[in-house]
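Single-structure report; data block below.
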Amino acid sequence: MGKHSIAVIKGDGIGVDVVDEALKVLHALAGRHGIEWDFVEFPWSSDYYFEHDEMMPSDGVEQLRGLDAIFLGAVGHPEVQDHITLNGLLLPIRRAFDQYACVRPSVLLPGVDSPLKDVKPYDIDLVVVRENTEGEYANVGGFQYQDFPGEVAVQSSVFTRKGCERVIRYAFELARERRKKMHVTSITKSNAQGYGMVLWDRTFDAVKDEYPDITTDSLLIDAACMDFIRRPENFDVVVASNLFGDILTDIGAIITGSMGLASSANLDPTRISPSMFEPTHGSAPDIAGMGIANPMAQILTSALMLDHLGEDGAAADVRSAVENLLEEGETLTPDLGGSSTTMAVGDAIAALVS
Ligand code: NAD
Ligand code: IPM
Ligand code: MN
């Protein structure tokens with residue numbers, strides 16, 4: 001239906017392979033949906049770092065600003081410390097573009113085995129809304145007496161009322177839009193984190209009064225981790241701080257089959273800045289270069305990008321192609337019990353949407 005300019009950052013490890021497959025799918029559906037893609041590739045990655053001593057140029061964020069969306073694979077290299085690669089590329093983009101709502105759905109789809117017993121397709125159908133710009137990821141702190149025996153590191157969390165309120169409100173709006181259980185669960189650790197997370201709890205209590213049609217509960221993160229395993233069917237929309245949302249979404253991924261199915265969107269709901277679409281998983285160095293990474297997480301992430309771009313029909317086609325392949329069970333990567341390659345899965349999905 002429209003023309004979309006998309007920044008493509010494949011990144012590291014399996015990020016490169018799965019983005020290639022997702023681009024194949026996006027090209028394949030263009031004709032049927034009248035979409036004109038303008039993909040602009042940025043080589044920013046750990047390889048770029050080895051050559052330039054930085055993950056992206058100092059005006060990197062400015063180079064991305066004018067584009068409609070950012071499509072990213074994964075960042076992280078076994079030979080570079082993660083705090084350098086991630087604080088040099090991924091995290092500054094999330095912050096600079098105020099992508100405050102990180103939306104991560106976990107749905108148990110037909111044809112997929114969960115490691116949990118007695119769960120049927122769609123018993124698990126939840127979405128975690130992760131605060132994505134502040135909290136434990138605020139990157140405020142420092143070292144003192146570095147490399148001396150008395151070394152001190154300070155790592156501060158930053159919670160603002162505005163920051164809590166906007167992401168909590170987003171979660172309530174999403175519960176309304178989903179029309180499923182009409183329920184929002186808030187996750188904190190305010191029994192031990194007596195300032196920032198108490199502000200979060202107070203803000204949640206204030207916002208929930210504006211949504212009388214939505215039921216709520218509040219859980220501590222430790223109990224929430226247990227309940228994601230014990231009774232995942234009880235969750236609908238879950239809103240959590242940056243770090244807790246990060247941890248919970250790996251659990252959400254594995255109880256619904258694989259990291260290789262877990263999609264994610266870093267949204268600036270105001271649309272002032274471009275949003276960024278990258279799966280929940282990382283660069284998976286343990287399987288990088290083997291051609292067996294599951295590209296479905298990246299491909300389902302492209303469906304989230306299509307939603308954001310207003311390409312609803314194309315997004316629906318991508319989802320049903322993935323669902324068909326899962327149900328048929330013939331063309332699956334090893335994480336889902338199959339023996340197909342990354343490329344074979346990408347080709348099969350591209351064929352289904354073209
Ligand atoms: P990971 O998500 O890369 O891998 C965890 C496990 O899941 C591994 O066993 C891996 O093989 C498996 N896995 C992940 N994606 C898969 C896929 N598509 N198909 C099949 N199996 C898949 O997490 P990690 O090993 O903790 O991190 C590796 C690197 O990635 C680190 O440098 C980390 O910082 C980085 N990382 C980056 C992002 C990102 O860029 N968004 C996200 C998470 C981790
Ligand atoms: C994720 C990742 C990142 C995060 C890392 C790589 C910084 O784990 O997107 O889930 O914690 O946000
Ligand atoms: Mn994570």
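Computed values, structure above
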{"quantity": "Positive-end residue, the chain charge dipole about Cα centroid, Cβ charges, pick of Phe39, Val19, Leu248", "calculated": "Leu248"}
{"quantity": "Computed [θ] at 222 nm, helices only, for the chain once each DSSP H run of length n ≥ 4 contributes -39500 (n - 2.57)", "calculated": "-12500 deg cm²/dmol"}
{"quantity": "Gained length - Asp123 relative to Gln63, 0.36 nm times residue gap less alpha-carbon distance", "calculated": "17.3 nm"}
{"quantity": "Placed amide H near Val8: partners under 5 Å, 5+ positions off or other chain", "calculated": "Val40, Glu41, Phe42, Phe71"}
{"quantity": "Difference of contour (0.36 nm per residue) and Cα-Cα distance, Asn324 to Lys3", "calculated": "112.8 nm"}
{"quantity": "Cross-link pairs Lys117/Lys180; Lys117/Lys181; Lys24/Lys181 - those with Cα-Cα distance over 26 Å", "calculated": "Lys24/Lys181"}
{"quantity": "Evaluated at q = 0.18, 0.21, 0.23, 0.29 Å⁻¹: base-10 log I(q)/I(0), Debye formula over Cα of the range 176-229", "calculated": "-0.66, -0.84, -0.94, -1.11"}
{"quantity": "Span from the the range 162-211 Cα centroid across to the the range 1-60 one, whole angstrom", "calculated": "34 Å"}
{"quantity": "Relative packing of peptides 106-115, 47-56 - highest average C-beta neighbours within 10 Å first", "calculated": "106-115, 47-56"}
{"quantity": "Tensor-based shape of the range 1-131 (alpha-carbon gyration tensor, a/c under 1.5 rounded, otherwise prolate or oblate)", "calculated": "oblate"}
{"quantity": "Globularity index of the range 244-334, i.e. its alpha-carbon radius of gyration over 2.2 N^0.38 Å", "calculated": "1.15"}
{"quantity": "Relative intensity, log₁₀ I(q)/I(0), of the range 15-63 from a Debye sum that treats every alpha carbon as a point, q = 0.17, 0.31 Å⁻¹", "calculated": "-0.68, -1.11"}
{"quantity": "Cα→Cβ-extended label distance, 7 Å offset, between Asp205 and Arg178, nm", "calculated": "2.5 nm"}
{"quantity": "Dipole-positive endmost among Val8, Cys225, Gly163 within the chain (Cβ charges, Cα centre)", "calculated": "Gly163"}
{"quantity": "The range 53-185: C-alpha gyration tensor shape, a/c 1.5 cut-off, then a/b vs b/c", "calculated": "prolate"}
{"quantity": "Shape call, the range 64-108: gyration tensor on alpha carbons, a/c limit 1.5", "calculated": "oblate"}
{"quantity": "Translational diffusion coefficient (Stokes-Einstein; Kirkwood radius from C-alpha pairs) of the chain at 10 °C, 1.306 mPa s, in µm²/s", "calculated": "76 µm²/s"}
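Each value in this text was obtained by applying a stated rule to the coordinates, not by laboratory testing. Keep in mind it's a predicted model, so treat the numbers as computed, not measured. With ideal geometry, Cβ positions are generated from the backbone for all residues, glycine too; neighbour counts draw on all protein chains shown.
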